[in-house]
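Here's the structure, in structure tokens; my notes come after.
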Amino acid sequence: MRPGTGPGSPGARPRTDLIGKCLLAYAGVVADDLFKALADPTRRTIMDELAERSGQTLFEICARLSMKHGLGISRQAVSQHLAVLEAAGLVETRREGRYKFHDLTTAPLRQITERWPVSDTPGPEGNTP
């Protein structure tokens with residue numbers, strides 16, 4: 001253990017934070033990562049593009065973001081957004097030769113709806129749950 005990292009040290013992380021993250025883990029993906037990935041509008045746009053056409057390279061994604069959406073962000077920024085999406089389990093990559101292809105994976109989104117189902121019937125006060 002490094003000095004200053006014990007349970008009583010000032011730089012130590014509260015144990016409740018670690019326990020909370022473990023409790024939020026669902027099917028191998030931490031819910032915090034999933035919601036963080038979905039929170040950014042650029043990442044949602046990238047997901048829309050991958051939903052429309054799966055198996056795109058970084059170059060293709062950058063071109064579509066620029067031409068279709070007028071987003072002038074760098075390849076490095078798009079790559080970082082893709083890394084966040086991949087860490088959340090929303091994007092899978094595969095290599096073929098020197099190319100890296102990105103595919104959208106909606107399984108984590110389906111797991112959210114299975115965990116917290118939404119009903120179409122109004123609640124007791126007329127509000128939809």
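In the set (1) free of Cβ contacts under 8 Å to residues at least 60 places away in the same chain; (2) touching a helix residue (DSSP H, G or I) at 6+ places or on another chain (Cβ under 8 Å); (3) in a helix (DSSP H, G or I), LEU34 fails one condition alone, (1).
For region 37-67, the candidate set comprises residues that are among the hydroxyl-bearing types (Ser, Thr, Tyr) and part of a helix (DSSP H, G or I); within that set, the residue that is farthest from ALA88 (Cα to Cα) is SER66.
Restricting attention to region 69-94, the residues being touching a Leu at 6+ places or on another chain (Cβ under 9 Å), within 14 Å of THR42 (Cα to Cα) and among the hydroxyl-bearing types (Ser, Thr, Tyr) number 1. Screening ILE112 on (1) closer than 23 Å to LYS36 by Cα; (2) touching a helix residue (DSSP H, G or I) at 6+ places or on another chain (Cβ under 8 Å); (3) at pLDDT 95 or above shows it passes everything except condition (3).
The values are calculated or read from the model by the stated rules, or taken from the named source; none is laboratory data. This structure is a prediction, so every number in the text was calculated from the model and none was measured. Heads up, the Cβs are rebuilt from the backbone with ideal geometry, glycines too, and the neighbour counts pull from every protein chain shown.
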